[in-house]
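Values quoted throughout were computed directly from the atomic coordinates according to the rules given, and no laboratory measurement underlies them. Quick caveat, the model's predicted, so the values are computed rather than measured. Heads up, the Cβs are rebuilt from the backbone with ideal geometry, glycines too, and the neighbour counts pull from every protein chain shown.
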Amino acid sequence: MSAVNTIETLIHLGITVKDAYNNARKNGGIPWQTFLQSNEFKQIEAHVTALLGRLGKSEVRAALETVEQKKKALVGGGSIANLPADKLLQYFDLLSVEGVLVRKELEQAAKSEAFFAWLVDEALPKLVSVAKVVVPLLV
């Protein structure tokens, strides 16, 4: 799987879970543990399982390697301090993706409260905010 596919899988997974979680919370807040037992989660569980199956260690490692290669290409053997503003912002966005990919939560991606809370509350907002810049860089 390519780095782009890994990032898109994370975004798709995050949005799928967030949407179902928001639907389950319409009558008030519920803990993640309760959500995992809800009808809303049961409706997406097969899809979530399939997406999680595409986020193995080798796919994440390959995505990290691609991000690292793109960071090096942006710097071009020079210094980050010498990058023009547009390239510096691209570098920063790559750092944001790298930060998501190295988190232990992703390494232990599973149908768990901790993983889904991290994905929806931390990883998804970062990935969505940088996807327009990063995805074309990684192609």
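Scan region 97-139 for residues that are surrounded by fewer than 16 Cβ atoms within 10 Å (Cβ to Cβ), in contact with a Leu (Cβ under 9 Å, 6 or more places away or on another chain), within 16 Å of G14 (Cβ to Cβ) and of a type outside the set (D, E) and the total you get is 3. L119: in contact (Cβ under 8 Å) with a residue 12 or more places away in the chain and either assigned to a loop (DSSP other than H, G, I, E, B) or of a type outside the set (G, A, S) (or both), yes or no? Considered against the rule, which asks whether it is in contact (Cβ under 8 Å) with a residue 12 or more places away in the chain and either assigned to a loop (DSSP other than H, G, I, E, B) or of a type outside the set (G, A, S) (or both), L119 comes out as yes.
Selection of helices (runs of 4 or more DSSP H) fully inside region 1-95 by the criterion of at least 2 residues being surrounded by 14 or more Cβ atoms within 10 Å (Cβ to Cβ) and among the small types (G, A, S) returns 3-24, 57-75.
Residues that are basic (K, R) and over 11 Å from the mean Cα position of the chain (by Cα) within region 86-132 comprise K87, K104, K111, K132, listed in sequence order. In region 91-108, what count of residues is obtained for those that are more than 18 Å from S2 (Cβ to Cβ) and touching a residue at least 40 places away in the same chain (Cβ under 8 Å)? Qualifying residue count, region 91-108: 1.
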